[in-house]
Amino acid sequence: MFLLIYPSIGWAGESLGKVVIDPGHGGYDPGATRNGVMEKHINIAIAKEISRILQASHVEVQLTRDGDYNLAVPGLHGRDAKRYDFEKRIEIARKFNADAVVSIHVNVGRRKCSGPEAFYYNNSTQGKLLAESIQNELTGIPDINKRVVKTGSYYILRHTEMPCVIVETGFLNNPQEREKLLDKNYQQMLAQAIATGTINYLQVKNQDTKENVEI
């Protein structure tokens, strides 16, 4: 099983940074499911489009998976498998020396909620900045429910060494939103917003670093 590494070639000038895009779930783990629609398939479709846009914008990208699999080893089950899978994704980000990690998921709710939302770990100032940058772009999608960023203590948020956000791209239990999430054009709009928010974050981060060096 090979991890897909996108090389930082094909443009003139410096890279804006390195970003890991993490399509949640995969393989035996479908994530949320409704009416035969599996979260894992939506996650990978949006993640690949984000990666394409970022590469075209001078960002080096690595996916934690590029197909329908997860990173748990055979023989592990349940919570142990989930923990191993998370640890391998975090390890990929560490070895890649990523500036940020963006984990793509699809939400479910008790009511007919709608709209994408970004989560960050409460103790991460940079994580909050990344989440807000992405959320700001997501709210610009036409006819979308404008949600706000939230904090969370999810494993991948707490254990990554670099800024990390989870982007829940919508609610699978909402029939209208489920139909939108399956639409390629809507997936591209989500991907463009997430990629633009990530690029905006990298640019601000890089500017802050330059100012600190000058001081």
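Overview of values
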item	result
Equivalent ellipsoid semi-axes, the chain, via Cα gyration tensor eigenvalues times 5, rooted, Å	25, 21, 17
The chain, helix-only ellipticity at 222 nm - DSSP H runs n ≥ 4, -39,500 (n - 2.57), divided by all residues, nearest 500	-14500 deg cm²/dmol
Cα-centre dipole for the stretch 15-214 with unit charges at Cβ (Lys and Arg positive, Asp and Glu negative), debye to 20	520 debye
For the chain: lysine pairs under 21 Å (alpha-carbon distance), excluding those fewer than 8 apart on one chain	28
Antiparallel DSSP beta bridges within the stretch 15-214, percent to nearest 5	30 percent
Distance in nm between pseudo-label sites at ARG158 and ARG110 (7 Å out along the Cβ direction from Cα)	2.3 nm
Dipole of the stretch 15-214, positive direction: furthest Cα of ASN206, GLN62, HIS77, with charges on the beta-carbon	HIS77
Euclidean distance of C-alpha centroids, the stretch 31-110 and the stretch 166-211, integer Å	14 Å
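Readers should treat all values here as calculations from the given coordinates under stated rules, not as data from a laboratory. In this text the structure is predicted, and so the values were computed from the model without any measurement. Cβ sites come from the backbone with ideal geometry, for glycine too, and all protein chains shown count toward neighbours.
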